[in-house]
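Worksheet: the structure to be examined is printed underneath.
What follows is calculated from the coordinates using simple rules that are stated; it is not laboratory data. Predicted, not measured: the structure shown is a model, and the values here were computed from it. Cβ atoms come from the backbone with ideal geometry, glycine included; neighbour counts cover every protein chain shown.
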Amino acid sequence: MNAPASSDHRWRKVLQTPVSQLLRGHITGAQTPLERLDTSSLPDRVVEAIRAITTQLSGRCRSKTARQLVKSCKALLLEGCAEAQLVEQLSEPVSIAALIRVTGKTDWVLNARLPARLWPTVHALVGQKRVRKTAARQMLSRICRSLQWQWEAGKTPETLIETSGDTIALGGLLYETQSVAPLLDFSLPESLMSVVLDVVKRTRLWRGEKLDTACELCAHFADGLEKGETEAALIKSFGSSKTAARLIRRARLRNRPFAWRAWRKTWQTTAAISVVVLVLWTILTMRFMAAQPTVKFDIIQEVDDLSRSIPKQDRAWPLYRQGLTKLTPKAREKFYEIRAALGEGPASEHWPEAKSFLTKHSDALALFLAATSRPKLGFINRDPENSLWLQNQAHEASYVLNSPDPTKTNMSILLPQMQDLGFHVLPMLTGAIHLAVEQGDKERCLHLQLARLALLNHYSQIGPYPICQIATNELTGKIAQNIAKLVIESPEFFDDQQWETLFQKLLVTQIKKSDFRRVDERIFIDDFLQKIYTDDGNGNGRFTPRGFQVLQNMVEFSSGRQALFESIFVVPPDLGRQQTDVTETTTFDVLSAPVATMIADRKELQKELLYLNELVWKARTNLNSEDTSAENAYLTEYQRLMDSPHLRVKYLPALIFMTDELPSYLWSHTERHQVRRDAALVLIAAERYRRQHGQFPETIAELVPKYLAKVPVDPYTSKPLQYSVKDGRPVIDSEALRHPEDKTD
Amino acid sequence: MRVERELMRGAGPVAVLKLLEEGAKYGYELVEALSKQTGGILDMGQSTLYPLLYNLQSQGLIRPNWQESESGRKRKYYSLTAKGKKRLAGDTAQWVAVATAMQSLGILPHVPPRLRGGEA
């Protein structure tokens, strides 16, 4: 029964034996760190003294301490140190162990030449709460040195212990001041030392200042005690530690060097300014981020609603679209090659191919002709039935034209219908006219001529955008020129009735001037403002984050405006080149709210935009190219805003919205087209006059009122259009017709 | 009697300067002297005295000096500087003017009363 138990015990002992002992052939069972060491050369009393210390410790600290103490003791004994002296040195095991725990070191135990009776006092001074090991080691070294000097100077250990008092507050003071000797001079009760420690701690001064204050307060209390005052009375008369610390700190800071005070003042001012700026910035940013534009109207929707109000049978667009859909991408590619030939007619070398194209796509042409017979265009942007046409045109997946997305920040309006009517339908009709002339089919030619003029009417109905009317005027002028050429070169092609019909149709094809005061560009200004500003209900509002997105989209097509936008947000030039989106830069994140605050409010910006727009229109419609005053007025106003840093930020949206270049003379061509149209009308009327009177009239006045309602006025001279008969042919002279383009034609 | 804080703030520095006119004194000595010589009227806690001394020091009116006392312990003695003497003279003249004005208003009697426990 006992055999297995004995065997188990043995195995357990073997398992618990440290490997080092097993290697030596010893089975010792579990051993304390000290037992594992070779202590044979040490006297038993020394081993017991070491054991008494290590027993107080645990873990790695215990093993390490045992190893180092054994090693040190062996070395000291070899050097001739007496056994009794070693035992005496290690005779305060609790304090020594506590100090080892606090400092993590053991070498001081045997190196410090202090009586062991002082270790409890040393421990009380060093072993403060929440002290790092490095600080504890430094403090231990200082205290040992200080006590050793005093001991060697003749003070007894008992005196030293008594001087240190309860030492807890003194220890705290030692750590606060990092100084030992001056404070050990004062033998104060713990309660008074606590007051000193409390005050010194609260002052948060430099160490030297703390030491000076601590010494002075200690001296004060020591004087009080000497005079026979009680601790309680001294504490009471001292007053509040907190107030004392606050006042002492304030007074001490005044005693610091000027440079330090100046630095502190600067730092405090900077910090205060930073806080104020940060608070302001936060408020501004929060206010800015909360601002949302109020989009009240949708231009596209309004245009579409107008088109929807037209009866379906009166809408020409469905027929145009049907015809355009028949032009497949492949057919369109072919069309690009023969487009010029369609305009030139038989004179072009590609005319046979053009004729072939017209024959091949006669179904599309028939649809176009049918469309021109309808009174209204009736184009609807957001019509799902446009998808196939858009797909054909864009060679990609269908999309919603001018989508109503409220988050859309792109201000541009796509006009693919304008491109198709002008680029595909009109050339095909022109080509068909050339073909009819070639074939001598007068009726068809007249029909096509009238259809082409009807197309112009549809063209002008694309939208309330100035570009539509301008383009219509341009096309009207060219078609009128075309008709004038026909009447000069082939006056007999049409009979009198046919010329009369063509005359009447051309007469109703008006050349209109764009006028921003009506709708035209004002609608864009209002749309722009509603997309970038909030609306307070009184027509005013503040700039929004989406406004910057709109501006970002607008500057992408102009390097000048991009540079302006970048300069406002201090985007470095290099970064600007790499990162085109200013709104994604860090400086934008920081500055957007303050900049938005500096931007003019909605009413102010609207006023400036309307003013700039009026100047632009004056410059654009200026007929006299030598008079640059209108142009200068616009550029001067634009430059005035650009030159002032304040105005540049205030009117940033206006500077980006408006053109930064010279106004284009494209806009002033309206008068030129007007003259072309009037000239064509006069020539038809003159031809009709010739047929009845056998000769051309000598003046235009002779045509009035039978052939012409009134004598047309030349807008360039504000006088009647100059007419004469040269070499038996009527000739009209005007600056408008001396344009290089007209000469070529 | 407790003196108003604002009044004490004006009287404290000149009182300390006046005490130091007699010779260098340390903190506790000044507390004692103030209490005794003003009959406790200008009695100030040490939590007020030491900051006051540091302020006077920062203005260059007094100069501190650590010295060993008879008991062998170190004490910090404060003595008046030339600037401090000048300031004391100026402040004294102002206080005399204020006292005279107070007398003429009947707030102060013509012969100031002798304070308990010390010299006025």
(message) Assuming 0.36 nm per residue, please report the length gained on full extension of the stretch A:GLU231 to A:ARG264 beyond their Cα-Cα distance.
(response) 8.0 nm
(request) Mind checking the full-extension length gain between A:ASP727 and A:GLU698? Use 0.36 nm per residue of separation minus the Cα-Cα distance, one decimal, nm. (result) 9.2 nm
(message) Please rank A:ARG113, A:ARG688, B:ARG63, A:ARG677, fewest neighbouring Cβ atoms within 10 Å first, as an exposure proxy.
(response) A:ARG113, B:ARG63, A:ARG688, A:ARG677
(request) About the Cα centre of segment A:399-476, how large is the charge dipole given +1 on each Lys and Arg Cβ and -1 on each Asp and Glu Cβ? Please answer in debye to the nearest 20. (result) 100
(request) Report the calculated FRET efficiency for A:GLU48 and A:GLU190 (r = Cβ-Cβ distance, R0 = 25 Å), to the nearest 0.05. (result) 0.10
(request) Divide by every residue of chain B the summed helix terms, -39500 (n - 2.57) for each DSSP H run of at least 4, and state the resulting mean residue ellipticity at 222 nm, rounded to the nearest 500 deg cm²/dmol. (result) -17500 deg cm²/dmol
(message) Considering just Cα atoms, how many Å³ per residue does the convex hull of segment A:236-350 enclose?
(response) 348
(request) Would you grab the residues whose amide H sits under 5 Å from the one on A:VAL725? Only those 5+ places off in sequence or on another chain, please, with H modelled 1.01 Å from N. (result) A:VAL731
(message) Below 8 Å, C-alpha to C-alpha, sequence gap of six or more: please give me the relative contact order for segment B:36-104 in percent.
(response) 21
(message) So for each of A:338-347, A:556-565, A:254-263, A:371-380 I average, over its residues, the number of other beta carbons within 10 Å; can you give me the resulting order with the highest mean first?
(response) A:371-380, A:338-347, A:556-565, A:254-263
(message) Using a Förster radius of 35 Å, what is the FRET efficiency between A:THR134 and A:ALA82 based on their Cβ-Cβ separation? Nearest 0.05, please.
(response) 0.55
(message) Please compute the volume of the convex hull spanned by the alpha-carbon atoms of segment A:338-394 and report it per residue in Å³.
(response) 121
(message) Please compute the modelled spin-label separation between B:ALA89 and A:LYS485, points set 7 Å along Cα→Cβ, answer in nm with one decimal.
(response) 11.3
(message) Let's test the formula: R0 of 35 Å, r as the Cβ-Cβ distance of B:GLU68 and A:VAL275. What FRET efficiency results, to the nearest 0.05?
(response) 0.10
(message) Only counting other Cβ atoms within 10 Å, I'd like A:LEU78, A:LEU253, A:LEU183 sorted with the fewest neighbours first.
(response) A:LEU78, A:LEU253, A:LEU183
(message) Given Cβ point charges of +1 (Lys, Arg) and -1 (Asp, Glu) and nothing else, what value in debye, to the nearest 20, does the dipole of the protein assembly as shown about its Cα centre take?
(response) 4540
(request) Mind checking which of A:VAL279, A:THR103, A:THR121 is farthest towards the positive end of the protein assembly as shown's charge dipole, using Cβ charges of +1 (Lys, Arg) and -1 (Asp, Glu) about the Cα centre? (result) A:THR121
(message) I need to check one value: relative contact order of chain A, counting alpha carbon pairs closer than 8 Å and at least 6 residues apart, in percent.
(response) 8
(message) To test your reading of the geometry: what angle, between 0 and 90 degrees and rounded to tens, separates the Cα axis of helix A:241-254 from the longest principal axis of chain A?
(response) 70
(message) Nothing charged except the Cβ atoms of Lys and Arg (+1) and of Asp and Glu (-1): what's the magnitude of the dipole of chain B about its Cα centre? Round to the nearest 20 debye.
(response) 240
(request) Show the residues, 5+ positions off or on another chain, whose built amide H is closer than 5 Å to the amide H of B:LYS74. (result) B:SER69
(request) Could you run the Karplus curve 6.51 cos²θ - 1.76 cosθ + 1.60 with θ = phi - 60° over segment A:673-679 and give me ³J(HN,Hα) per residue in whole Hz, x for Gly and Pro? (result) 5, 4, 5, 4, 5, 4, 4
(request) Just tell me which aspartates and glutamates come within less than 20 Å, Cα to Cα, of A:LYS326; anything on the same chain fewer than 8 places away is out. (result) A:GLU337, A:GLU353, A:ASP363, A:ASP383, A:GLU385, A:GLU396, A:ASP420
(request) Please work out the Kirkwood hydrodynamic radius for the protein assembly as shown, using every pair of different C-alpha atoms, and report it in angstroms with one decimal place. (result) 39.4
(message) What aspartates and glutamates does A:LYS706 reach when the alpha-carbon gap must be under 19 Å and sequence neighbours fewer than 8 apart in one chain are set aside?
(response) A:ASP495, A:ASP496, A:GLU500, A:ASP678, A:GLU687, A:GLU698
(request) Pop a pseudo-label 7 angstrom from the Cα along the beta-carbon direction at both A:VAL590 and A:ARG648 and give the gap in nm to one decimal. (result) 1.9
(message) I need A:PHE423, A:PHE588, A:PHE186 ordered by Cβ neighbour count within 10 Å, fewest first.
(response) A:PHE423, A:PHE588, A:PHE186
(message) Per 0.36 nm of contour for each residue apart, how much would the distance between A:GLU158 and A:SER387 grow if the chain were fully extended, relative to their Cα-Cα spacing?
(response) 71.9 nm
(request) Would you mind giving the three semi-axes, in whole Å and largest first, of the ellipsoid equivalent to segment B:1-57 according to its Cα gyration tensor? (result) 16, 13, 10
(request) State the dimensionless ratio Rg/Rh of segment A:1-128 (Rg: radius of gyration of Cα atoms; Rh: Kirkwood radius). (result) 1.09
(message) Under a crude label model (7 Å from the Cα following the beta-carbon direction), how far is B:VAL98 from A:ASP526 in nanometres?
(response) 7.5
(message) Need one number for chain B: average projected area of the convex hull over its C-alpha atoms, nm².
(response) 8.0
(request) Positive end of the charge dipole of segment A:1-145 (Lys, Arg +1 and Asp, Glu -1 on Cβ, about the Cα centre): tell me which of A:PRO93, A:ALA82, A:ALA136 has its Cα farthest that way. (result) A:ALA136
(message) Could you work out [θ]222 nm for chain A from helices alone, using -39500 (n - 2.57) per DSSP H run of at least four and dividing by all its residues? Round to the nearest 500 deg cm²/dmol.
(response) -20500 deg cm²/dmol
(request) Identify, among A:VAL303, A:PHE557, A:CYS215, the residue whose Cα sits farthest towards the positive end of the charge dipole of chain A, taking +1 on the Cβ of Lys and Arg and -1 on the Cβ of Asp and Glu, with the dipole about the Cα centre. (result) A:CYS215
(request) List, in order, the whole-Hz ³J(HN,Hα) value for each residue of segment A:207-217 obtained from phi through the Karplus relation with A = 6.51, B = -1.76, C = 1.60 and θ = phi - 60°; use x for Gly and Pro. (result) 4, x, 5, 4, 4, 4, 5, 4, 4, 5, 5
